Amino acid sequence: MSAPGRPYYLGLDFSTQQLKVVAVDETLNAVHESNVHFDSELPEYGTKDGVHIHSDGLRVTSPVLMWVKALDIVLEKMRSDGFDFSRVEALSGSGQQHGSVYWKRGASLVLEGLDGGKPLHKLLEGCFAVPDSPVWMDSSTAEQCQRLEEAVGGAQRLADITGSRAYERFTGNQIAKIYQTSPVKYSETERISLVSSFAASLFLGRYAEVDYSDGSGMNLMDIQTKNWAPPCLTATAPHLQAKLGNPVPSTTVLGAVCPYFVSRYGFSADCKVVAFTGDNPGSLAGMRLQEGDVAVSLGTSDTLFLWIKEPKPTVEGHVFCNPVESCAFMALICFKNGSLTRQRVRDESAGGSWDAFSDALRSTSMGNDGNIGIYFDVMEITPPAVGVHRFNKEMSRVASFSRQVDIRALVEGQFMAKRVHAEKLGYKIVPGTKVLATGGASSNSDIVQVLADVFNAPVYTIDTANSACLGSAYRAKHGVEAKRGVSFADAVRHAQEPKLVATPGPGAEQETRTLLSENRPDC
Ligand SMILES: O=C(CO)[C@@H](O)[C@H](O)CF
């Protein structure tokens, strides 16, 4: 337990399936955790995995009042558990990226006058012009994406401006669809929030600004000027700037918690609200990624988090404004062929055994004698391609490899693709670069050894189960210290260090350079 009276920092994560809360003390030790699982604890909303997938299979939404009620419940749980809210010096949060909330005309007056005697979900009934918020799993806006790219000069131009080509889940395209298909709801909307800024608004008792990092996941914000991009606003919907407000730096202290939280839960009237951000930017903070670092989340799909100084946006992957360093950026690249492809090759070439899979990696050498494989069992996101392709060291296509060579070709190919696409976005391996590995495969020492060799950098493992939530608590602490010139790295220097699990083998750089040379397949 912390010394009595020492400050706490609260982090909340409004993710797809649950609301998670963590409180840390000033040495960043977690002193309290809680959560509300939407499906099981709020069954009245009838969600599955936190969402409603509609009959067309494309439209995916979540009831916004479910998120509000989840906050009521989690704070009640914490109060019942004896959590001392008065010790919270600052709070921040994250939300699933790209989701949007449509506040109905007059809602600002309700927010400003919240009655501490009632739960939020009762007070905010009728405050939302669109009761079912579109979320990141929605893919119903292909037409709006096409129009946006045409309006600004093409996919690459849009990526140059906003950090990404048009994606169906991105907020601007969702807003365009609501304006085109439900014009009355759009006209009744006085404010549009992201899930992150919506959650911050609840604590502030007023509309919270969108932060730069989550704002760069909308296809609306210029990632260099950090302002809404006029051609994108114009192409999306009328009077949009007035409904969005102006974006702010992610370290901004937006204000203090509103009287509702002071009277109902005992928060200090001085408790600061630091801008909320997207879940992936929150995770970058939680993993304490620094310049040159790369985080590799090895899951069903593999996701790369990169810290980038000089981004080169492409029509693959995403560049967002960095949530902890305003002059830097972060990139996110998703690879759909992740653990399921590794499992398929394990089953076919290692008899379903991870031990035999590891034996194959140990019995083959770095570089695989020049053999390279591309294993896109399903349509890959990065790049949009499908199929299994094998090449020998003469660059001739071959129909098969031996089982051991196939296994190494899969793992080296997956990691080389990650390095190639990361460097195309502007990522640079610098002295001191760390690779942070998370997810199921990161527990396999032979797989992470290949990762260390391909990136020619040491690999550390880090628990990211709560990274977005923890990152929000870290950002809350940094938010109140940033104005004293404290860097994020200094603000969180007491956090638990990641564990070193692999270092590059001898000759890794040369071997990798050969494999990644220009005349190899563009995986
Ligand atoms: O769409 C995504 C990132 O671009 C997802 O990772 C969501 O943020 C998950 F909530």
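Would you tally the net charge around Pro119, using a Cβ to Cβ cut-off of less than 12 Å, leaving Pro119 out, and scoring K and R as +1, D and E as -1?
Working: positive: Lys69, Lys118, Lys122, Arg264; negative: Asp72, Glu76, Asp115, Glu125.
Net local charge, Pro119 excluded: 0.
Search the structure for amide H atoms under 5 Å from the amide H of Ile308, placed 1.01 Å from N in the peptide plane, and list their residues when 5 or more places away or on another chain.
Close amide H contacts, sequence-distant or interchain: Phe329, Met330, Ala331.
Using θ = phi - 60° and the Karplus relation 6.51 cos²θ - 1.76 cosθ + 1.60, list the HN-Hα couplings for region 139-152 in order, rounded to whole Hz, with x at every Gly or Pro.
Per-residue couplings from phi come out as 9, 9, 10, 4, 5, 5, 5, 4, 5, 5, 4, 5, 5, 9 Hz.
Need the C-alpha centroid separation for region 170-193 versus region 252-288, integer Å.
27 Å
Within region 435-476, what residues put their amide N at less than 18 Å from the label point 7 Å along the Cα-to-Cβ vector of Ser353?
444-447
For region 1-137, what is the convex hull (Cα atoms) projected area averaged across all directions, in square nanometres? List each step's numbers first, then the result.
Values: hull surface 37.5 nm².
Averaging across all directions leaves 9.4 nm² for the Cα convex hull.
In region 356-403, if the dipole is taken from +1 on Lys/Arg beta carbons and -1 on Asp/Glu beta carbons about the Cα centre, which of Pro384, Gly373, Phe401 is farthest to the positive end?
Checking the options against the dipole of region 356-403, the answer is Phe401.
Considering only protein heavy atoms and a 1.4 Å probe, what is the carbon-and-sulfur percentage of the accessible area of the chain? Each step should come with its number before you reach the end.
On the way: 9890 of 19630 Å².
Of the solvent-accessible surface of the chain, carbon and sulfur hold 50 percent.
Of the listed peptides 303-313, 489-499, 471-481, what is their order by residue-averaged count of other C-beta atoms within 10 Å, with the highest listed first?
Numbers: 303-313: 20.5, 489-499: 15.4, 471-481: 27.9.
Per-residue Cβ counts within 10 Å, averaged per peptide and sorted highest first, yield 471-481, 303-313, 489-499.
Where Lys and Arg each count +1 and Asp and Glu each count -1, what net charge lies around Gly217 among other residues with Cβ under 14 Å from its Cβ?
Values: positive: Arg165, Arg169, Lys226; negative: Asp138, Glu168, Asp211, Asp214, Asp222, Asp279.
Around Gly217, the surrounding residues sum to -3.
Please go through the residue pairs Lys226/Lys499; Lys177/Lys312; Lys48/Lys309; Lys309/Lys483 and name each one whose alpha carbons sit more than 27 Å apart in this structure. Spell out each step's value before the answer.
Working: Lys226/Lys499 36 Å; Lys177/Lys312 29 Å; Lys48/Lys309 39 Å; Lys309/Lys483 22 Å.
Beyond 27 Å between Cα atoms: Lys226/Lys499; Lys177/Lys312; Lys48/Lys309.
What residues from region 6-33 fall in the zone where the backbone N is under 19 Å from a label point 7 Å along the Cα-to-C-beta line of Glu497?
From region 6-33, the list is 27-30.
For region 185-293, what mean projected area does the convex hull of the alpha carbons give, in nm²? Before the final figure, lay out the partial values.
Values: hull surface 34.0 nm².
So the Cα hull casts an average projection of 8.5 nm².
Roughly how many Å is it from the Cα centre of region 10-82 to that of region 317-361, as a whole number?
Between the Cα centre of region 10-82 and that of region 317-361, the gap is 27 Å.
Please work out how much length the chain gains when fully extended from Ala269 to Gln156, using 0.36 nm per residue of separation minus the C-alpha to C-alpha distance, in nm with one decimal.
36.0 nm
Which value in deg cm²/dmol, rounded to the nearest 500, describes the helix-derived mean residue ellipticity at 222 nm for the chain, given -39,500 (n - 2.57) per DSSP H run of n ≥ 4 and division by the residue count?
Working: 21 runs with 190 residues, N = 523.
Calculated from helices alone, the mean residue ellipticity at 222 nm is -10500 deg cm²/dmol.
Mind checking Rg over Rh on region 8-278, alpha carbons, Kirkwood formula for Rh?
Numbers: Rg = 18.1 Å, Rh = 18.8 Å.
With Rh from the inverse mean 1/r over Cα pairs, Rg/Rh is 0.97.
Write down the percent of antiparallel bridges among all DSSP beta bridges whose residues are both part of region 8-278, to the nearest 5. Walk me through the numbers on the way to the answer.
On the way: 30 of 42 bridges.
The antiparallel fraction comes to roughly 70 percent.
Given the convex hull of the Cα atoms of the chain, what is a quarter of its surface area in nm²? Each step should come with its number before you reach the end.
Working: hull surface 96.1 nm².
Directional mean of the projected Cα hull area for the chain stands at 24.0 nm².
The values are calculated or read from the model by the stated rules, or taken from the named source; none is laboratory data. As the structure is a prediction and not an experimental result, all values here were calculated from the model. Because the Cβ atoms are built from the backbone with ideal geometry, glycine has one as well, and the counts that use them run over all protein chains shown. Only protein heavy atoms, including side chains, enter the accessible area calculation; ligands, DNA and RNA are left aside. Shrake-Rupley method; radii C 1.70, N 1.55, O 1.52, S 1.80 Å.
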